[in-house]
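Q: A single structure is presented below for examination.
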Amino acid sequence: MQASEIRNRFVEFFKKNDHLHLESSSLVPEKDPTLLFANAGMNQFKDYFTGTASPNHRRAVTTQKCVRAGGKHNDLENVGFTARHHTFFEMLGNFSFGDYFKKDAINFAWKFLTEELKIPKDKLYVTVHYSDDEAAEIWEKEQNIAPERIFKRGDKDNFWEMGDIGPCGPCSEIFFDHGPKHTDPNFIKTDDNQILDDELRYVEVWNLVFMQYEKYKENGEIKRKALPRPSVDTGAGLERIAAVLQGKYWNYDTDLFAPIIAQIEKLTSKKYDDPKYQSSIRVVADHIRSSVMLITDGVIPSNEGRGYVLRRIIRRAIRHLRDMGLKDVSFYKLIPSVFEVLGSSYPQNQKNVALAEKMLRLEEKKFLETLEIGLKYLEEEIQNTKGKIFDGKSAFKLYDTYGFPLDLTEVILKERQLELDMQGFETEMEEQRKKSRSQSKFEAEGDNKKLFYDLQQQFGNTKFLGYDNFSSSAKLLKKVELGKNQTCLIFDQSPCYAESGGQAGDQGSILLNGNTLATISDTQKPVEGLFVHMVNNADSLEEGEEYTLQIDVGNRQRSMKNHTATHLLQAALIKTLGAHVKQSGSSVGPDRLRFDFTHPEAMTRDEIKKVEKIVNEKIRANIAVGAVIVPKEKAETMGAMALFGEKYGDEVRVITVGHETDIHSRELCGGTHVKNTAEIQYFSIIQETALASGIRRIEALTEEAALARLEMRSDLFAQVEKSFSVKEEKVLKRLEGLQQDLKDKSKEIQDLKDEIQSSHTKGLFDQIEELPNKLLFKEVALAGDLDLRKLSDSFTDKYPTGTLVLKCEHEGKISVLVRTGKNNKQVNCSQLFKENIGLLEGRGGGRPDFAQGSASNSQKWSEFVAQIKKQIGELV
């Protein structure tokens, strides 16, 4: 049975059992900084399980895309070398939010596996938590599972926790027996273990989590209480089930990987059945899936957070491609084979294929350059190594900073007859894991979210009238005091836009009979559907009374102009830079707009001018801006652009700039917009900057603010013209002339400094000491503002194999340098410097031929020099 059929059968089975089919969430968890990536089907339902949100339907089924490659799941080095480790995988899941519990969950799972998929019952085993007699009894009496096929386990294996706090409960797992030929040769059955501990033969295929408790913190102590509505979270790995049904042991041998492996064979001219290359092909096949799916969900390679993990995955794959003889930029060529398998299930990712191609090509090119830098660093550290053990910290720096694969480091060290300090490496790695774990712990989001969720349950959603009205009557339902001079007001309806989608919340006034009683400073949406109006003083307002809400019309209109301008801007960027441009963030307020987008390099001045020109042409063209609410499926067929990671309902609002025969922009958007582009008046980009690796940011102004900026710049230019007594294009030539004059004068000053230094140090290196081992040595102590590098250059020019130890004091600062010629391989200046600079209470470093730094105490200078001289004198 093909994997696509398994997916479909799973969804259809649970739909027949009254489950609502929901789409996979993005791999980037929405509004959840506690998670690096979506790593389980339940992630998107966290608020349902904790009771801070209410589902539309109490049963759900999903096929969730997952990535496990960071935090506690940081086992990247195993991927490709074991049968079932993956960075990207698909999790089939069915969920009960306070509806059915253990009996039905067990029945659904067993029926699907044994009846729908027809997996032989005698190939399946189950586990339960040692305290969960209820689940054990259901398996035995309801499903007729023999007691000897039911195993009880402890917390480590069969108790699930969301984090240090949050929902938790016992779980029951279903295992498949791959048969005696796959028995772990190192596994020995004893009284202290179970046959299922042979993880090579018995493989978990489904985990049923019974969330019946909640862990919470009280007075610094972790406690546990029963959940009012126990829930169910299940997860079955599609790759594992596909392997079972296709008679494969390795997940990589299923149809989920076949097209990718075939393309790798074509690119590399290597065969998958060749043991020499099999593991490398598996690594690449796995990593292209996670790389493509992460990028097309909005993760960009970088040196931090999610982007850092992605970069490591990409670089590991490239390393294995190089092992198979592929030296050119090629990783991106595997993208079509990924969507051959996943495209129909995740069409939103496939729409972003241009971004994946752009980023993977750039990342591979950059890594090939970084690889050379890493090799250079490794060579320097090898030179610094004493004895036969290579420092684990240095290996970890190669791995962590340069993205240098550990196995490559080990290969090179072996060639140089060196061993790796693996314990030191693992110590550094564990420190990184601790940091990852501390950053990914589930933290309560505070009482406020629960409070507003309860209010939303009590009063329902706020009716938004602000698309068509700037004022309306509204009944005050609730006043909530959050702190001194901070009151939240909840009305049954409102013309005020609550901050979302990057657009700032409205400000305004609350009136009664034409008199202003309070000023709205902001409008927020703490939970979906509930609008909260922030005021400083609500003493004169009473719950249950009707008031008039009036937004600040000027602010709203400016926000509307800026919001529509961001849509015009995105369309212009795509037209100018390419289809890889995707919005990754925005901020729209009355004063200015900010737009973040995917692009690997700074825009040129000509590109910025072209974008401005396109936007202003659309503004002058008086193009109609329309909004319609349609089913999400129809919006997709209309070609409406969606945002990375954004969750949309069954019906969505589509903003179109243009008409059917000439559409400039079409996006899913719940914000407020102008009716016609002419209302924007003018658009001006203030600046284009880097936000992160692969992410650029544009800040811009519209209408009067943009025109005012042009006037201000024009006034400044007029002042410059007046100052230089030149007009228009001659100003630039005058400035260029002044810059050249400044450059010439600076060179003259430097030449004079060099002459002065040369005269003061003349004859400094006429004499040099020859040590008993024939190596040359010179110590110099100076004072003044001197260029030590140039001074040491003159030394190495005269004595290419000599070693100079130099100190210079100036205005309370002490500079120290150790230098030798590049071809002197006997002396390692960096090592000598690091080992002895402590005598001067200093710090610094460098290369084998050049090391420098600063010192805070020169009293032991003679001892510092003597020690280095002694070490050089002992060299053979």
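The values are calculated or read from the model by the stated rules, or taken from the named source; none is laboratory data. It should be emphasised that the depicted structure is a prediction, and the values quoted were computed from it without experimental measurement. Quick reminder, even Gly has a Cβ in these numbers, built from the backbone with ideal geometry, and neighbours come from all protein chains shown. Note: accessible area is taken over every heavy atom of the protein model, side chains too, but ligands, DNA and RNA are not part of it. Shrake-Rupley method; radii C 1.70, N 1.55, O 1.52, S 1.80 Å.
Q: With the requirement that a residue be within 28 Å of residue 301 (Cβ to Cβ), in a helix (DSSP H, G or I) and free of Cβ contacts under 8 Å to residues at least 24 places away in the same chain, what does the range 1-45 give you?
A: 43
Q: Answer yes or no: is there a residue in the range 392-407 that is aromatic (Phe, Trp, Tyr), outside any helix (DSSP H, G or I) and open to solvent by 30 Å² or more (accessible area, probe 1.4 Å). Reasoning before the result, please.
A: Residues of the range 392-407 aromatic (Phe, Trp, Tyr): 396, 399, 402, 404.
After this cut, where a residue has to be outside any helix (DSSP H, G or I) as well, the list is 402, 404.
In the following step, the residues that additionally are open to solvent by 30 Å² or more (accessible area, probe 1.4 Å) were identified as 402.
Checking the range 392-407: at least one residue is aromatic (Phe, Trp, Tyr), outside any helix (DSSP H, G or I) and open to solvent by 30 Å² or more (accessible area, probe 1.4 Å).
Q: Can you tell me which residues in the range 38-54 are closer than 20 Å to residue 643 by Cα and open to solvent by 20 Å² or more (accessible area, probe 1.4 Å)?
A: 43, 44
Q: Across the range 284-310, what is the number of residues that are among the charged types (D, E, K, R), assigned to a helix (DSSP H, G or I) and open to solvent by less than 20 Å² (accessible area, probe 1.4 Å)?
A: Filtering the range 284-310 for residues among the charged types (D, E, K, R) gives 286, 289, 297, 304, 306.
Remaining after also requiring assigned to a helix (DSSP H, G or I): 286, 289, 306.
Remaining after also requiring open to solvent by less than 20 Å² (accessible area, probe 1.4 Å): 286, 289.
Counting residues in the range 284-310 that are among the charged types (D, E, K, R), assigned to a helix (DSSP H, G or I) and open to solvent by less than 20 Å² (accessible area, probe 1.4 Å) gives 2.
Q: Scan the range 84-100 residue by residue and report those that are open to solvent by 10 Å² or more (accessible area, probe 1.4 Å), in contact with a helix residue (DSSP H, G or I) (Cβ under 7 Å, 6 or more places away or on another chain) and either among the aliphatic types (A, V, I, L, M) or outside any strand (DSSP E or B) (or both).
A: Once the filter is applied, which keeps residues that are open to solvent by 10 Å² or more (accessible area, probe 1.4 Å), in contact with a helix residue (DSSP H, G or I) (Cβ under 7 Å, 6 or more places away or on another chain) and either among the aliphatic types (A, V, I, L, M) or outside any strand (DSSP E or B) (or both), the range 84-100 yields 84, 85, 86, 91.
Q: Residue 617: at pLDDT below 95, acidic (Asp, Glu) and either within 26 Å of residue 38 (Cβ to Cβ) or surrounded by fewer than 16 Cβ atoms within 10 Å (Cβ to Cβ) (or both), yes or no? It would help to see each step written out before you state the result.
A: Details: at pLDDT below 95: no; acidic (Asp, Glu): yes; either within 26 Å of residue 38 (Cβ to Cβ) or surrounded by fewer than 16 Cβ atoms within 10 Å (Cβ to Cβ) (or both): yes.
Judged against the criteria, residue 617 is not a match.
Q: Here is a list: 188, 195. Which entry is out of contact with any helix residue (DSSP H, G or I) (no Cβ under 7 Å at 6 or more places or on another chain), open to solvent by 60 Å² or more (accessible area, probe 1.4 Å) and under 22 Å from residue 154 (Cβ atoms)?
A: Checking each option against the conditions leaves just 188.
Q: When the residues of the range 348-387 are narrowed to those that are in a loop (DSSP other than H, G, I, E, B) and modelled with pLDDT of 90 or more, which ends up nearest to residue 312 (Cα to Cα)?
A: 352
Conditions tested, residue by residue: (1) closer than 27 Å to residue 164 by Cβ; (2) at pLDDT below 90; (3) among the aromatic types (Phe, Trp, Tyr).
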{"site": "9", "(1), (2), (3)": "no, no, no"}
{"site": "15", "(1), (2), (3)": "no, no, no"}
{"site": "30", "(1), (2), (3)": "yes, yes, no"}
{"site": "48", "(1), (2), (3)": "yes, yes, yes"}
{"site": "57", "(1), (2), (3)": "no, no, no"}
{"site": "75", "(1), (2), (3)": "yes, yes, no"}
{"site": "78", "(1), (2), (3)": "yes, yes, no"}
{"site": "82", "(1), (2), (3)": "no, no, no"}
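Q: If you don't mind, another one. Given the criteria over 25 Å from the mean Cα position of the chain (by Cα) and more than 26 Å from residue 312 (Cα to Cα), does residue 46 qualify?
A: no
Q: Could you tell me whether residue 255 is farther than 28 Å from residue 45 by Cα, touching a residue at least 12 places away in the same chain (Cβ under 8 Å) and buried (at least 17 other Cβ atoms within 10 Å of the Cβ)?
A: Details: farther than 28 Å from residue 45 by Cα: yes; touching a residue at least 12 places away in the same chain (Cβ under 8 Å): yes; buried (at least 17 other Cβ atoms within 10 Å of the Cβ): no.
For residue 255, the condition - farther than 28 Å from residue 45 by Cα, touching a residue at least 12 places away in the same chain (Cβ under 8 Å) and buried (at least 17 other Cβ atoms within 10 Å of the Cβ) - is not met.
Q: Sort out which residues of the range 639-686 are among the small types (Gly, Ala, Ser), open to solvent by 20 Å² or more (accessible area, probe 1.4 Å) and within 27 Å of residue 608 (Cβ to Cβ), and write them in order of number. Reasoning before the result, please.
A: From the range 639-686, those among the small types (Gly, Ala, Ser) are 639-640, 642, 645, 649, 658, 665, 670-671, 678, 684; that's our starting set.
Narrowing the set further to residues that are open to solvent by 20 Å² or more (accessible area, probe 1.4 Å) leaves 639, 642, 645, 649, 670, 678.
Matches in the range 639-686: 639, 642, 678.
Q: For the range 515-530, how many residues are open to solvent by 10 Å² or more (accessible area, probe 1.4 Å) and either hydrophobic (A, V, I, L, M, F, W, C) or without any contact (Cβ under 8 Å) to a residue 24 or more places away in the chain (or both)?
A: 7
Q: Further question on the same structure: Being in contact with a Gly (Cβ under 6 Å, 6 or more places away or on another chain) and free of Cβ contacts under 8 Å to residues at least 40 places away in the same chain, is that true of even one residue in the range 820-831?
A: no
Q: Now, a different point. Taking the range 652-697 on its own, how many of its residues are among the hydrophobic types (A, V, I, L, M, F, W, C) and under 26 Å from the mean Cα position of the chain (by Cα)?
A: First, the residues of the range 652-697 that are among the hydrophobic types (A, V, I, L, M, F, W, C): 652, 654-655, 657, 663, 668-669, 674, 678, 680, 683, 685-686, 690-692, 695.
With under 26 Å from the mean Cα position of the chain (by Cα) added as a condition, the list becomes 668-669, 690-692, 695.
Residues that pass the stated criteria total 6.
Q: Also: Quick check, is residue 773 modelled with pLDDT under 90 and not in a strand (DSSP E or B)? Give the derivation first.
A: Numbers: modelled with pLDDT under 90: no; not in a strand (DSSP E or B): yes.
Answer is no for this residue.
Q: How about the range 137-155: which of its residues are of a type in the set (Val, Ile, Thr) and either open to solvent by 70 Å² or more (accessible area, probe 1.4 Å) or assigned to a loop (DSSP other than H, G, I, E, B) (or both)?
A: 145
Q: If you scan the range 613-627, which residues turn out to be touching a strand residue (DSSP E or B) at 6+ places or on another chain (Cβ under 8 Å) and of a type in the set (A, V, I, L, M, F, W, C)?
A: 615, 619, 623, 624, 625, 627
Q: Exactly one of these conditions fails for residue 852: (1) in contact (Cβ under 8 Å) with a residue 12 or more places away in the chain; (2) open to solvent by less than 80 Å² (accessible area, probe 1.4 Å); (3) not charged (D, E, K, R). Give me its number.
A: Going through the list (1) in contact (Cβ under 8 Å) with a residue 12 or more places away in the chain; (2) open to solvent by less than 80 Å² (accessible area, probe 1.4 Å); (3) not charged (D, E, K, R), residue 852 breaks only (2).
Q: Conditions: (1) under 30 Å from residue 683 (Cα atoms); (2) touching a strand residue (DSSP E or B) at 6+ places or on another chain (Cβ under 7 Å). Residue 501 meets all but one. Number of the miss?
A: Residue 501 satisfies every listed condition except (2).
Q: Answer yes or no: is there a residue in the range 19-37 that is open to solvent by less than 50 Å² (accessible area, probe 1.4 Å), closer than 26 Å to residue 138 by Cβ and either touching a strand residue (DSSP E or B) at 6+ places or on another chain (Cβ under 6 Å) or not small (Gly, Ala, Ser) (or both).
A: Within the range 19-37, one or more residues are open to solvent by less than 50 Å² (accessible area, probe 1.4 Å), closer than 26 Å to residue 138 by Cβ and either touching a strand residue (DSSP E or B) at 6+ places or on another chain (Cβ under 6 Å) or not small (Gly, Ala, Ser) (or both).
Q: Which condition number does residue 781 fail, the rest of (1) assigned to a strand (DSSP E or B); (2) open to solvent by 50 Å² or more (accessible area, probe 1.4 Å); (3) in contact with a Gly (Cβ under 6 Å, 6 or more places away or on another chain) being met?
A: So the condition that residue 781 fails would be (3).
Q: If you don't mind, there's one more thing I want to ask. Hey, among 599, 533, which residue is in contact with a Leu (Cβ under 8 Å, 6 or more places away or on another chain), within 22 Å of residue 463 (Cβ to Cβ) and open to solvent by less than 10 Å² (accessible area, probe 1.4 Å)?
A: Working: 599 fails: within 22 Å of residue 463 (Cβ to Cβ).
Selected residue: 533, the only one of 599, 533 that is in contact with a Leu (Cβ under 8 Å, 6 or more places away or on another chain), within 22 Å of residue 463 (Cβ to Cβ) and open to solvent by less than 10 Å² (accessible area, probe 1.4 Å).
Q: Residue 544 versus (1) open to solvent by less than 60 Å² (accessible area, probe 1.4 Å); (2) within 33 Å of the chain's Cα centre (by Cα): which is the lone unmet condition?
A: Every condition holds for residue 544 apart from (2).
For (1) touching a Gly at 6+ places or on another chain (Cβ under 6 Å); (2) farther than 22 Å from residue 588 by Cβ; (3) surrounded by fewer than 20 Cβ atoms within 10 Å (Cβ to Cβ); (4) among the charged types (D, E, K, R), each residue gets a yes or a no:
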{"position": "476", "(1), (2), (3), (4)": "no, yes, no, no"}
{"position": "491", "(1), (2), (3), (4)": "no, yes, no, no"}
{"position": "499", "(1), (2), (3), (4)": "yes, no, yes, yes"}
{"position": "505", "(1), (2), (3), (4)": "no, no, no, no"}
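Q: Which condition does residue 281 not pass, out of (1) open to solvent by less than 30 Å² (accessible area, probe 1.4 Å); (2) modelled with pLDDT under 95, if it passes all the others?
A: The one condition residue 281 does not meet is (2).
Q: Are any of the residues in the range 584-594 within 21 Å of the chain's Cα centre (by Cα) and surrounded by 19 or more Cβ atoms within 10 Å (Cβ to Cβ)? Working first, answer last.
A: Step one: filter the range 584-594 for residues within 21 Å of the chain's Cα centre (by Cα), giving 584-587, 594.
Narrowing further to those that are surrounded by 19 or more Cβ atoms within 10 Å (Cβ to Cβ): 584, 586.
Looking through the range 584-594, at least one residue is within 21 Å of the chain's Cα centre (by Cα) and surrounded by 19 or more Cβ atoms within 10 Å (Cβ to Cβ).
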